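Novice: First the structure, then my questions, so here it is.
The values are calculated or read from the model by the stated rules, or taken from the named source; none is laboratory data. Since the model is a prediction, treat every value here as computed from it, not as a measurement. Virtual Cβ from ideal backbone geometry, glycine too; neighbours counted across all protein chains shown. Note: accessible area is taken over every heavy atom of the protein model, side chains too, but ligands, DNA and RNA are not part of it. Shrake-Rupley method; radii C 1.70, N 1.55, O 1.52, S 1.80 Å.
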Amino acid sequence: LRSYLRDESSRLRRLRRFYEKVQVLHQDPEASVDNPLLAFSLIKRLHSDWPNVIYSDEATRNTQALHAGLREVEQELPGTEDLDGAARALMRLQDVYALSVKGLANGVFQRAGHPPLYSPGRRVSLSADDCFHVGKVAYDTGDYYHSIAWLEEAVSLFRLSYGSWNLEDRSSLEDALDHLAFSYFMAGNISHALSLSREFLRYDPSNQRVSRNVAKYKKLLEMGTGASGTGRGAMVPHYRCAPLLTLLGPLSPQPAPERVLHLGCSYETNSSPYLLLQPAKKEMVQIQPYVALYHDFITDAEAETIKGLAGPWLQRSVVASGEKQQKAEYRISKSAWLKDTADPVVRALDQRIAAITGLDLRPPYAEYLQVVNYGLGGHYEPHFDHATSKKSPLYRMKSGNRIATIMIYLSAVEAGGSTAFIYANFSVPVIKNAALFWWNLRRNGNGDGDTLHAGCPVLAGDKWVANKWIHEHGQEFRRPCSADPQD
């Protein structure tokens, strides 16, 4: 674009110079066509110079160069899936953090009556066309709860700028009114659908389809259908992460005093020679489920090395579905797997994990290091790390279920992205270079239901984590069963 604008600007400057020359010759009151030199100049410019300018190939060459430049990078540009995924991410952030659409369109990340969750250094507003596209993504999937909110904002913005056309816009006030009217109809509010359709016809009175809709809505209202706006397709949010909303307010109930005594920070060696000179900085986060946070678990350089190793191999994350693995909307991230032979840093990380947990990480007792990147609105809805069915792909390793998880935060984020333990009612924010550890299984081998957890959507920033899942086999004498079968 920069090259095209430079070349086109040069061409237009030359065109303006030619225009000004001709204009001067024609408009000079003292110039007379009796002057043979002036007559010759006029005749030449009108006969040959003007057609040369008009039929110049320069404009075509500039445009062709612009098109060629686009073709060169086209494969690297975002596709339809990326764009629609980004729109769904905005709706996810809207739901989970209870953000207003009008606020988002104005670049404000705020819940009503609360301070902003995130204040960017530079506020970015959305255009009417931007809001229309988010609403259209919801509309196309029959999600009229979200389509109404976003299309309302699009209509409001289009009304403010009606008559001024933007080159990059693919939609218009008429498009927004059309989609919004039908969204209200599907949500049961027929009187508002009628009102919006009538407004549409003021701009495009010859549209037969909308005229038929107006007649249909009037007939339905005369029959007494849907006037209250609570009929067919009542508006309910489609997003299934409502429990996370409780994590945004004060946590309750407060921990019992006797449990608080066990929470605290300490330097831990875990009887490992590896940690004698540099003990681990352990913060006990929760007793049940057992969750510990190890601060400064890795260095900045190690985190960058791991991200660099994983970057070229990142693929859309999958989840276990029966005996298969597949992509799912409830897990939006990209991930890659690193063997301990990938780099000395990965091998050193395995040694450090073994030291602080006291567990055996030799193959096949632990999985490879999984590196995950959560981008725009990236999240993972509530789930267990351990298998809840014997048909799970996790058992293909033939080393039992996942007994423990260690999750390392490889980056910081500006807002969002916490790891939320749903039933236990607490969350752990993203703390760069820290490692979060918890037991997935109780000592009797059963899954611990209190470990149900979720990755809250990233509100602002780029979240990277590295997961290490450790299996039961090989840990029989490192984490033995309790004498109490209920433990």
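Novice: Kirkwood Rh, region 357-487, all Cα pairs: how many Å?
Specialist: On the way: mean 1/r = 0.0644 Å⁻¹.
Here the Kirkwood hydrodynamic radius works out to 15.5 Å.
Novice: Past 25 Å, Cα to Cα, is the threshold; run Lys307/Lys391; Lys102/Lys432; Lys136/Lys216; Lys282/Lys463; Lys102/Lys307; Lys398/Lys468 against it and keep the listed order. Walk me through the intermediate numbers first.
Specialist: Values: Lys307/Lys391 32 Å; Lys102/Lys432 32 Å; Lys136/Lys216 23 Å; Lys282/Lys463 22 Å; Lys102/Lys307 36 Å; Lys398/Lys468 17 Å.
Too far apart for the 25 Å limit: Lys307/Lys391; Lys102/Lys432; Lys102/Lys307.
Novice: In deg cm²/dmol, rounded to 500, what helix-only [θ] at 222 nm does the chain give when every DSSP H run of at least 4 residues adds -39500 (n - 2.57) and the total is split over its residues?
Specialist: Details: 14 runs with 180 residues, N = 487.
Value at 222 nm, helices only: -11500 deg cm²/dmol.
Novice: Sorted from largest to smallest, which semi-axis lengths in Å does the alpha carbon gyration tensor of region 80-223 give for its equivalent ellipsoid, taking the root of 5 times each eigenvalue?
Specialist: Numbers: eigenvalues 164, 61, 36 Å².
Whole-Å semi-axes of the equivalent ellipsoid: 29, 17, 13.
Novice: Helix 208-222 versus the longest principal axis of the chain: what angle, 0 to 90°, nearest 10, using Cα atoms?
Specialist: Between helix and principal axis, roughly 60 degrees.
Novice: Given R₀ = 30 Å, FRET efficiency for Ser56-Ser161 by Cβ-Cβ distance, to 0.05?
Specialist: Numbers: r = 35 Å, r/R0 = 1.17.
Using R0 = 30 Å, I get an efficiency of 0.30.
Novice: I would also like to ask the following. Given +1 on the Cβ of Lys and Arg, -1 on the Cβ of Asp and Glu, and no further charges, what dipole in debye does the chain carry about its Cα centre, rounded to the nearest 20? Please list the in-between numbers first.
Specialist: On the way: 55 positive and 54 negative charges, 116 e Å.
Roughly 560 debye for the chain.
Novice: If you count only protein heavy atoms and use a 1.4 Å probe, how large is the accessible surface of Glu414, to the nearest 10 Å²?
Specialist: Approximately 130 Å² for this residue.
Novice: Nearest 10 degrees is fine. How inclined is helix 80-96 to the longest principal axis of the chain, computing both from alpha carbons?
Specialist: Around 60 degrees separate the two axes.
Novice: Can you tell me, using C-alpha contacts under 8 Å and at least 6 residues apart, the relative contact order of region 80-223 as a whole percent? Don't skip to the answer; put the middle values down first.
Specialist: Numbers: 169 pairs, mean separation 22.3, N = 144.
This gives 15 percent for region 80-223.
Novice: Rolling a 1.4 angstrom probe over the protein heavy atoms, how many square angstrom per residue are accessible across region 39-153? Before the final figure, lay out the partial values.
Specialist: Values: 6740 Å² over 115 residues.
Accessible area per residue, region 39-153: 59 Å².
Novice: Next up: Accessible area per residue for region 385-466 in Å², computed with a 1.4 Å probe and the full protein assembly in place, what is it? Provide the component values of the computation, followed by the final result.
Specialist: Details: 2700 Å² over 82 residues.
About 33 Å² of surface per residue is accessible.
Novice: Ok, one more. Could you work out how far helix 190-203 tilts from the main Cα principal axis of the chain, as a 0 to 90 degree angle to the nearest 10?
Specialist: It is inclined by approximately 30 degrees.
Novice: Can I ask one more? Just the number: Rg to Rh for region 63-110, Cα atoms, Kirkwood Rh, two decimals. Walk me through the numbers on the way to the answer.
Specialist: Working: Rg = 16.4 Å, Rh = 13.1 Å.
On the Cα set of region 63-110, Rg over Rh gives 1.25.
Novice: Of the heavy-atom accessible surface of the chain (probe 1.4 angstrom), what whole percent is carbon and sulfur?
Specialist: Details: 14900 of 27450 Å².
Result for the chain: 54 percent of the exposed heavy-atom area is carbon or sulfur.
Novice: Here is a further query. Which order do you get for Met223, Met186 if you rank them by accessible area with a 1.4 Å probe, largest at the top? Provide the component values of the computation, followed by the final result.
Specialist: On the way: Met223 130, Met186 40 Å².
If we order Met223, Met186 from most to least accessible, we get Met223, Met186.
Novice: Next question, about the same structure. Please report the relative contact order for the chain, taking Cα pairs under 8 Å with a sequence separation of at least 6, and give it as a percent rounded to a whole number.
Specialist: Details: 778 pairs, mean separation 54.9, N = 487.
Once divided by the residue count of the chain, the mean separation gives 11 percent.
Novice: In Å, what Kirkwood hydrodynamic radius results for region 1-94 from the alpha-carbon pair distances?
Specialist: Values: mean 1/r = 0.0569 Å⁻¹.
Computed over Cα pairs of region 1-94, the Kirkwood hydrodynamic radius comes out at 17.6 Å.
Novice: Just for the Cα atoms in region 6-155, what are the lengths along the principal axes, largest first, rounded to whole Å?
Specialist: 80, 37, 31
Novice: I would also like to ask the following. Suppose accessible area is computed on protein heavy atoms with a 1.4 Å probe; arrange Ile332, Ile306 from highest to lowest.
Specialist: Numbers: Ile332 35, Ile306 0 Å².
Largest accessible area first, the list is Ile332, Ile306.
Novice: In bins 10 Å wide, starting from 0, what share of all Cα pairs of the chain does each bin hold, as a percent?
Specialist: Histogram of Cα-Cα distances, whole percents per bin: 3, 14, 20, 18, 15, 12, 8, 5, 2, 1, 0, 0.
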